[in-house]
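Novice: My structure is below; once you've seen it, I'll send some questions.
Each reported figure results from applying straightforward, stated rules to the coordinates on display, with no laboratory input. Since the structure is predicted, the reported quantities are computational estimates derived from the model, not experimental observations. Heads up, the Cβs are rebuilt from the backbone with ideal geometry, glycines too, and the neighbour counts pull from every protein chain shown.
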């Protein structure tokens, strides 16, 4: 397993993995990534989240279809669905929005970085039909699905080039907004 | 500076810091945390973000007021406002929502974890009045403020106890949703 010397190395080497080996994930590694999620900060520490771990082959296949037919999702030994209990979240982030997408994003990115450190692949899945995913997983009406990710060892062809990023000068402004 | 051996140690030791030293942040550390933000993944790699760096004392004071009078925010040498260009974000996450709160949350949490690793304090600020913040920073109508954070060395009394987290059994479900 690759040894990372700091968090920047993990951030830099993480990729969206779209090919998975069927190899099982060791229990210690599962515990590690679940705890990375669990320990995340959330608005007012409300922790308005549930994380569903799916290993059943039929459910994974159904979920891959609900994720706009992204078949690679079902290759991974584990599929995760990150849910938000909207009523338990902080309702007025910035005075205008619920904190739940932010809370769940922080926690799932913790898991994704911890997985990368442990040699495990993931892929943020935002292209899915929420109603279909909820039906498959028995998720109640007042709970939202924010994102999914497969989790497993990268398979053949998973090593894709890093996608580009904007430069610092394109995204950082000083003292006031800049275009 | 404390040496962290893995990401779990950073996640576990990070705190919301509400007291800051006036000591300046070294340029290399600023570069490091800004790049942690910059390298974040986003839906379809659209990177719909801008990060405003505020050092001006008067602006920091005005922003502390716009953040529901959280005075400690103005103590830090730097204040960051994380903005989203909503029109540039992926519009149909899960078929129902814009990706912008998720994209910006991922990037800002990268910065926050990288700051913790470098001995710098931060604090997710979700309690603010968006219109007031936008007026102070000249942010256009079609750009959202998602969150702010102070950034600086922790001051006296910043070492507060870790707030509790739910247990794994309270937040993880297997194969289907659980209450």
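Novice: Starting from a label point 7 Å past Cα on the Cβ side, list the distances from residue B:27 to the same position in the other copies, nm, shortest first.
Specialist: Counterpart label points of residue B:27 in the remaining copies fall at 5.3 nm.
Novice: Provide, in order from the shortest bin, the percent of all Cα-Cα pairs of the protein assembly as shown in each 20 Å bin, continuing until the bin that contains the maximum pair distance.
Specialist: The percentages, shortest bin first, are 32, 59, 9.
Novice: Tell me, how many Å apart are the Cα centres for the range B:19-51 and for the range A:113-174?
Specialist: Distance between centres, Cα-based: 20 Å.
Novice: So for the range A:7-159: antiparallel DSSP bridges make up what percent, rounded to the nearest 5?
Specialist: 95
Novice: Enter the mean number of other protein chain beta carbons within 10 Å of the beta carbon of each residue in A:25-33, as an integer.
Specialist: Mean shielding count: 1.
Novice: Then there is this: What are the nm distances, shortest first, from residue B:164 to its equivalents in the other copies, labels at 7 Å along Cα→Cβ?
Specialist: 5.1
Novice: Using a Gaussian network model of chain B with C-alpha springs under 10 Å, which one of B:114, B:84, B:156 is most mobile by mean-square fluctuation?
Specialist: Fluctuation is largest for B:156.
Novice: Which one of A:18, A:144, A:165 has the biggest mean-square fluctuation once chain A is modelled by GNM with Cα springs under 10 Å?
Specialist: Between A:18, A:144, A:165, it is A:165 that shows the largest mean-square fluctuation.
Novice: When ranked by the protection proxy of mean other Cβ atoms within 10 Å per residue, highest first, what sequence do the peptides A:66-76, B:97-107 form?
Specialist: Top of the packing list down: B:97-107, A:66-76.
Novice: Right, another one. If R₀ is 41 angstrom, what is the calculated FRET efficiency for the pair residue B:179 and residue A:92, using the beta carbon separation as r and rounding to 0.05?
Specialist: FRET efficiency, residue B:179 to residue A:92: 0.95.
Novice: Just to be sure I understand: with springs between alpha-carbon atoms less than 10 Å apart, which residue in A:154, A:77, A:140 has the highest mean-square fluctuation in the Gaussian network model of chain A?
Specialist: A:140
Novice: Here's a follow-up. Got the residue A:68 label distances to the other copies yet, label 7 Å along Cα→Cβ, in nm, shortest first?
Specialist: Distances to the matching label points in the other copies: 3.6 nm.
Novice: Let me ask you something else. So for chain B, averaging the separation of alpha carbon pairs under 8 Å that are six or more residues apart and normalising by length, what relative contact order in percent results?
Specialist: Reported relative contact order: 33 percent.
Novice: Under the definition of partner shielding as Cβ atoms of other protein chains within 10 Å of a residue Cβ, what is the mean value for peptide B:61-73?
Specialist: For peptide B:61-73, the averaged partner shielding equals 0.
Novice: When you look at the Cβ of every residue in A:127-133, what mean number of other chain Cβ atoms sits within 10 Å? Could you put the intermediate results ahead of the total?
Specialist: Values: counts 7, 5, 4, 5, 3, 1, 2.
Counting other chains' Cβ atoms within 10 Å and averaging over A:127-133 gives 4.
Novice: Compute the projected area of the convex hull of the Cα atoms of the range A:7-159, averaged over all viewing directions, and report it in nm² to one decimal place.
Specialist: 9.1
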